[in-house]
1. Packing-wise, with mean Cβ within 10 Å as the measure, how do 290-299, 13-22, 125-134, 412-421 rank, highest first?
2. Does the range 58-340 come out rounded, prolate or oblate, given a ≥ b ≥ c as the square roots of the eigenvalues of its C-alpha gyration tensor, rounded meaning a/c under 1.5 and, failing that, prolate meaning a/b above b/c?
3. Expected output is a single nm value to one decimal: the length gained when fully extending between ILE275 and GLU42, i.e. 0.36 nm times separation in residues minus the C-alpha distance. What is it?
4. Relative contact order for the range 1-121 using alpha-carbon pairs under 8 Å, separation at least 6, rounded to a whole percent?
5. Can you show me the helix-derived [θ] at 222 nm for the chain, built from DSSP H runs with n ≥ 4 at -39,500 (n - 2.57) apiece and divided by the number of residues, rounded to the nearest 500.
6. Treating only the Cβ of Lys, Arg, Asp and Glu as charged (+1, +1, -1, -1), what charge dipole size does the range 6-65 show about its Cα centre? Round to the nearest 20 debye.
7. Report, for the chain, the % of DSSP beta bridges that are antiparallel, rounded to 5.
8. Calculate the dipole size of the range 132-278 relative to its Cα centre from +1 charges on Lys and Arg beta carbons and -1 charges on Asp and Glu beta carbons; express the result in debye to the nearest 20.
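None of the figures in this text is laboratory data; all of them are computed from the coordinates on show. Note that the structure is predicted; figures quoted are calculated from it, not measured. So basically every Cβ, Gly included, is an ideal-geometry build from the backbone, and we count neighbours across all protein chains shown.
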Amino acid sequence: MKTLLKNLQAITMADGPQIFRGDILIEDDHIANISQSVDPAEADCVRDCTGLVAIPGLVNGHTHLSMSLMRNYKDTCANLQDWLSEIFPIEDRMCEEDIYWGSMLGLAELIRSGCTSFADMYFKQWMTARACKEAGVRGFISLTLFGDEDDAADRLAVTRLDEELDGGALLRKDLGVHAIYTCTAGNYRYTRDWAKERGLVVNTHLSETRKEVDDCIREHGMRPAEYLEQLGFFDLPCYVAHGVHLSDAEAVMLAQHNVGLIHNPSSNCKLASGIAPVSRFRKLGLTVGLGTDGASSNNNLSMIKEMRLAAMISTVSTLDVGALPPYEVLKMATIDSARALRADDIIGSLEAGKRADITIINPNTANMTPVNDIFSAIVFSMSENNIDSVYINGRCVLDEGRLTTIDEDLVCREAQRCWNRLRRSE
Ligand SMILES: [Zn+2]
């Protein structure tokens, strides 16, 4: 099947801030041609996209999809530790259908906000994988570990994620070790060896709060990234979330290990964790992508809102409007997130040969007119209503504002039903 998107403005993110008017030919799961003119005779179906803008699908580098069920719950906790103490007991009660409907709820929101792929760390992750296949969304799904090496071995023994994988069409299996304050050194060592044997990409939360850093220095005599380096965790392909309190020396060390950092500005603001100095980290050579974290610490999964906040807090924290320009923010949300996840060979930019993960924007609305600078318009003015269509792996999952793979009313009803049950068992 060949679909031709004709007469659009394309922002490829492949080679600097260039924009061109042209056509994109999608063949099955990939971009077959992207150029100023493709002959319509080459396509089975042609869509006139005059007035629309194509960007690479946004890549949400760190989230916990099923936490969408806990949206707007316990919003007044003072910090991460207090909040986790409220959230963990609910998570202990979540069953497979909670994970499934929580994932579907999250996937609907991701698609509507122009996001085509995401990295997820959560429990019963095979249900998230199943939801991804049904919704047609690309997922980097982590087997998620807590506790010591015995806990890790137990969790790895019972996961059913392998049964839900699809040969790499949409899903990749990663390995997520939650954090140094919930996992032992033995767990990180065990995981390192387990992932190495199987060629998996690993990830973890890192340096999210000042308390995590202080506790690590007190217990281990070194900072969190230094601690994980010494455990050999960064010898693997790896991405880490947050990095709010990384030192410059740690950022350089992570860059040397080719570890990607995922910036989560909303969650870091909401849980009073701080502001990651990402413009400085980028200058130090660290790859920095962008993620929403879970909807219970955000309280949404919109990469559009995340881009705007990333730009705003960078400016206010550095007092430099040029520290993180809009083009760089869009880069973080697309190719740099893909690079951090070690997936830039297949996604993150619009190039022939890459998977057809494409977000089509309609900027002809009151909130985006006049566009003037398209990168400013996308980062500062765009909202979810500007997402016209979304293609993932060549499949149209949002068609002129209509979800084609998800019954949104049903998903909202079922997610509410699951949450009502979880609340009642408090
Ligand atoms: Zn997280």
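1. Ranking, from highest mean packing down: 290-299, 125-134, 412-421, 13-22.
2. rounded
3. 79.0 nm
4. 27
5. Details: 15 runs with 152 residues, N = 426.
Taken over the chain, the calculation gives -10500 deg cm²/dmol.
6. 360
7. Details: 27 of 65 bridges.
DSSP beta bridges in the chain are roughly 40 percent antiparallel.
8. My answer is approximately 400 debye.
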